[in-house]
Amino acid sequence: MTITDTFAQHPVLSADRPAQMAAAKALRAARARKGAIAYHTAGAAIVLFFAAPFVIAGLSSFRNGTEAQTAPLPPWPTAGFSVDSYRTLDSFGAGIWQHTVNSALVSLATVLLTVLVSLLAGYGFSRYRFPFKNALFVLIIATLMIPFQSILTPLFIILAKLGLNNSLFGLTLVYVTLQLPFSVFMMRNAFDAVPKEIEEAARIDGARDLRLLARVLLPLVLPGVATVAIFAFLNAWNEFLAALVLLSSNEHYTLPVLMMAVRAGRLGAINWGAVQAGVVVMTIPCLFVFLLLQRYYMRGLMAGAVK
Amino acid sequence: MTSVVSSSPLPATRARGHSRRRRRASTGWRGLAYIAPAMLLVLVFFVLPVLLTVWMSLHNWPLMGAQKWIGLKNYTRLLSDARFLQALNFTAFYTLVVTIAIFAVAFPLALFVEKQRRFVGFYRTVIFLPVVVGLATASLLWAWLANVDSGFFSPLLRLLGLVDRSPNLLARFDTAFLTIIVMVVWKIAGFTMILLLTGLQAIPAELDEAARIDGARRFQRFRHLTLPLMRRTIALALIVSITGSILAFDQFYIMTSGGPQNRMISVVYYIFNQSFVSFNLGYGAALSIVLLAILVVISIAQLKLLKIGEERP
C-alpha cells in the first residue's frame, strides 16, 4: 500500500564528527520527536483532505433509497446497509453490467494497442537513424498541444468514412492516438536509458531487430511499458467527451457517458444515490489498477519526468 | 555486388564502402517501419482532422445541407464575438488562479514527502489517489458533495453553526469558482507533487549538504540551489498545468453547466457549444484553430523562457 520503496532513498549523510556530548544527543532526540509529531499531524490532515471524498462517496452509496437523497452526515448507512443506489443505477441505459463491459473492452484494447504501437515507435526513435526523424518525433509530441475536443467533428467524419462510427473499436483507435505522444515519449526514454552495450552484446550473440526487441530489450523497458499501459487504461476508462460524441447508440455507451444521463436526472430530479454508486463503480478499477501496479507506475513516471 | 568487387582496383575498400552505405539505407527504412504504425494513427486521427478543421473553418458548415466557402469570415466574426472574448477572458483567469493554487499546494506537498521517513509512502499514495480517477468522475463526485441539500459541504457548514441556511455553493459565481478550484487542486496536486518530487530527488544530496556546510540557510539553499536545478521539472509541471487548465471543460460542464449566468464558459466549452449544440461546425472549427494557436504559442514561449529547448538533442 505504500510507495516507499519506489523512491530512491537519500543516503543518510553522516559526516565523520567527533563524539557528541550526551546532552546534545538528548536535546536532538527531543527535537526530533517534536518534529515527528508535527509532521504526522500535518500528514493526517493531508490524508483526510485527499481521501475523505472517496470514503464519503463509498460509504454513502450503501445507504437506502430515501437516505441516499439526504446529506451524508454521517456518511455511513444509519438505516441499514442497502444496495438501492446500485439498483437505481442499473435501471439507467442498458444496465450497469453492459456499460461496465463496454468500458472494460475499450480500455483493455486501448492498453494492448498503445503498448504495441509505442513499443515499436519508441524503439525506432531510440535506436535507428532515418530521414526526418526529429521532425516526426516532434510531430507526435506536438499533438499534445492540440486539444482533441477541437478535432472531434472531423474525427467523427473520418470514422464514418472508415465505417467505424458508433463502434467501440473506432473509439479505441482514437484513444490509442491520444495516448501516443506520452507513450512514444516514455518508450523512447525507456530505450534511451538502456545501455547500448547490452544491445551490442546481444547483437554479437546473433539477436537482431524484433527478436532483440522482444527477448533482450523488452524486459529492460518493462517499467516503461507498465507506465504506458496504466496511463492508457486510466485515460480510456475515464474519458467521456469523445465517447459522448462518437458513440450514438445507447447500448455502446461507456460508463462516463451513462453517468451523464444519471447526472441529468429523470423528470428534473437527480437521484444522488445513483450518482454515488456510479462514482464508486468508475473509481474502483482506477484505484485497484493504481494500487496494484503503482511501483511500476511511479518508477516510470519519474523516469519520464527526469529525462 | 560481386561484379563491382571483382572489377574494382581496390576491391576491399570499395566493397566495404558499399555495404556500409547499404546498411545505413536499410537501417533508415527499418527505423521508419518501426514508427509506421504510430505515424499512421497520428496522421489519420490527428493530422488529417487538424487539416480538416482548418478547411472547415473557411466554410459555413452546417450539420445538414451544403457547405459554403466563406473565406476568413468565421475569423473576422470571432474577433467581434463578445461571448468568445468573455470565454477567453474567463479561461485565462481560471488558468492563472488554478495554476497558482496547484503549485501553492503541490510544492509544499513535494517538500513534505521528499525525505524518506515513516509513513511517507502512505502519504504519497493517498495524495496521488485522486489523480487516477477521471476528471469527469471527480466532477460528478464534487457536484454531489457541493449540492445544496444532498451534498456534504453546505449541510456540514450549517451543522457546525457557521451559516444559518445551507449556502448553494454552485449557484453563485464566487463560491462555485472556489469549489471548482478546490476540486481541481484535490484532483491534480498529487500529479504535480510527484513531478516536482522527481526534480527534488534528482538533486544530488551532496550539493545540498555542501551548501549547508558553507552556511547557506534553508531558504537560500531552496532559492539558489533547489529552484535553479529544478528548472526543467518546473517547466514541465507548468506546461502540464497551464495547457491542461486552458483546455478545461469537464468540471464546468458537469459541475455548473457553464455556471451562474453562463459566466463559467471556458474556451473549449464555447467551442463545444458552437460545434455540438448550435452545430455551427465551421465557426467551431475557426474557434478551435484560434485555441490551437494560443496553445502552441504558450508552449513555445514557455520552452524558450525556461531555456529547456536546447538541452534536448
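The values are calculated or read from the model by the stated rules, or taken from the named source; none is laboratory data. Worth saying up front: this structure is predicted, and the values here are computed from it rather than measured. Reconstructed Cβ throughout: ideal geometry from the backbone, glycine too, with neighbour counts over all protein chains shown. Ligands, DNA and RNA are stripped out before the accessible areas are found, and what is left, the full protein with its side chains, is counted by its heavy atoms. Shrake-Rupley method; radii C 1.70, N 1.55, O 1.52, S 1.80 Å.
Can you give the relative contact order of segment A:94-306 as a percent, counting alpha carbon pairs under 8 Å and 6+ residues apart?
Relative contact order of segment A:94-306: 33 percent.
Hey, can you list the residues from segment B:234-267 whose accessible area shrinks by 50 Å² or more with all protein chains present, relative to the chain by itself (probe 1.4 Å, no ligands or nucleic acids)?
B:Ile254
In the full protein assembly as shown, how much of B:Met64 is accessible to a 1.4 Å probe, in Å² to the nearest 10?
About 150 Å², ignoring ligands and nucleic acids.
Take each of the peptides A:113-121, B:142-150, B:103-111, average the number of other beta-carbon atoms within 10 Å over its residues, and list them starting from the highest.
Highest mean packing first, the order is A:113-121, B:142-150, B:103-111.
Can you compute the helix-only [θ] at 222 nm over the protein assembly as shown? Use -39500 (n - 2.57) per DSSP H run of at least 4 residues, normalise by all residues, nearest 500 deg cm²/dmol.
Value at 222 nm, helices only: -22000 deg cm²/dmol.
Between segment A:59-93 and segment B:113-167, what is the separation of their alpha carbon centroids in Å?
19 Å
Can you pull the one-decimal nm distance between simple spin-label points at B:Ala104 and A:Ala38, each 7 Å off the Cα toward Cβ?
Distance between the two pseudo-spin positions: 2.2 nm.
A:Arg266's amide H: which non-local residues (gap 5+, or another chain) put their own amide H closer than 5 Å, with H modeled 1.01 Å from N in plane and none for Pro or chain starts?
A:Asn271
Which order do A:Arg87, A:Arg127, B:Arg218, A:Arg203 take when ranked by solvent-accessible area (1.4 Å probe, heavy atoms of all protein chains), largest first?
Solvent-accessible surface, decreasing: B:Arg218, A:Arg87, A:Arg203, A:Arg127.
Chain pair B, A: how much accessible area is buried, both chains summed, with a 1.4 Å probe, in Å² to 100?
So the total buried area for this chain pair works out to about 8800 Å².
For A:Phe169 and A:Ser91, what does the FRET efficiency come to when R0 = 30 Å and r is the distance between their Cβ atoms, rounded to the nearest 0.05?
0.60
Work out how much length B:Leu51 to B:Leu207 would gain on full extension: take 0.36 nm times their residue separation and subtract the Cα-Cα distance, in nm to one decimal.
51.2 nm
Straight-line reach only, C-alpha to C-alpha below 24 angstrom: list the lysines that B:Lys187 could link to, leaving out same-chain residues fewer than 8 apart.
Straight-line reach from B:Lys187, under 24 Å: B:Lys115.
Can you compute the modelled spin-label distance between A:Ala24 and B:Asp214, with each label point 7 Å from Cα toward Cβ, in nm?
In this crude label model, A:Ala24 to B:Asp214 measures out at 2.4 nm.
Can you list the residues, at least 5 places off or on another chain, whose amide H is less than 5 Å from the amide H of B:Gly259, using H built in the peptide plane?
HN-HN under 5 Å from B:Gly259: B:Met264.
Computing the accessible area with a 1.4 Å probe over protein heavy atoms, can you report the carbon and sulfur percentage for segment A:94-306?
That fraction is 68 percent.
Whole-Hz Karplus ³J(HN,Hα) for segment B:216-229, in order, using 6.51 cos²θ - 1.76 cosθ + 1.60 and θ = phi - 60°, x for Gly and Pro?
Calculated HN-Hα couplings, in order: 6, 6, 4, 5, 4, 4, 5, 6, 9, 10, 5, 4, x, 6 Hz.
Using the heavy atoms of the protein chains alone and a 1.4 angstrom probe, what is the accessible area of the protein assembly as shown per residue in square angstrom?
With the other protein chains kept in place, the protein assembly as shown gives 48 Å² per residue.
Using 7 Å Cα-to-Cβ label points, what is the B:Phe173/B:Arg117 separation (nm, one decimal)?
4.4 nm
Lysine pairs, Cα distance under 21 Å, 8 or more residues apart or cross-chain: how many in chain A?
Summing the qualifying lysine pairs gives 4.
Averaging the inverse of every distinct alpha carbon separation and then flipping it gives the Kirkwood radius. What is it for the protein assembly as shown, in angstrom units?
26.9 Å
Quick one: net charge of B:Met255's neighbours, Cβ under 15 Å, K/R +1, D/E -1?
After counting each charged neighbour, the total is +2.
Helix by helix, which DSSP H runs in chain B go 24 Å or more along their axis at the Cα atoms and have an average Kyte-Doolittle hydropathy of 1.0 or more?
TM-like helix candidates: B:82-112, B:173-202, B:281-305.
Quick one: accessible surface of B:Tyr34, probe radius 1.4 Å, all protein chains present, in square angstrom to the nearest 10.
20 Å²
What FRET efficiency comes out for B:Ala293 versus A:Asp205 if R0 is 60 angstrom and r is the Cβ-Cβ distance? Round to the nearest 0.05.
0.70
Just to be sure I understand the interface: list residues from segment A:49-86 that lose 30 Å² or more of accessible area between the chain on its own and the complete protein assembly, 1.4 Å probe.
Those are A:Phe49, A:Phe50, A:Pro53, A:Phe54, A:Ile56, A:Ala71, A:Pro72, A:Leu73, which lose 30 Å² or more relative to the chain on its own.
With +1 on each Lys and Arg Cβ and -1 on each Asp and Glu Cβ, how big is the dipole of chain B about its Cα centre, in debye rounded to the nearest 20?
1360 debye
How do B:50-58, B:191-199 rank on mean C-beta neighbours within 10 Å, highest first?
My ranking of the peptides, most packed first, is B:191-199, B:50-58.
From the backbone phi of segment A:138-154, what are the Karplus-calculated ³J(HN,Hα) couplings (6.51 cos²θ - 1.76 cosθ + 1.60, θ = phi - 60°) in whole Hz, Gly and Pro given as x?
With the stated coefficients, segment A:138-154 comes to 4, 4, 5, 5, 5, 4, 4, 6, 9, x, 5, 4, 7, 10, 5, 5, x Hz.
How high is the FRET efficiency from B:Val277 to A:Leu291, r the C-beta distance, R0 45 Å, rounded to 0.05?
E between B:Val277 and A:Leu291, to the nearest 0.05, is 0.70.
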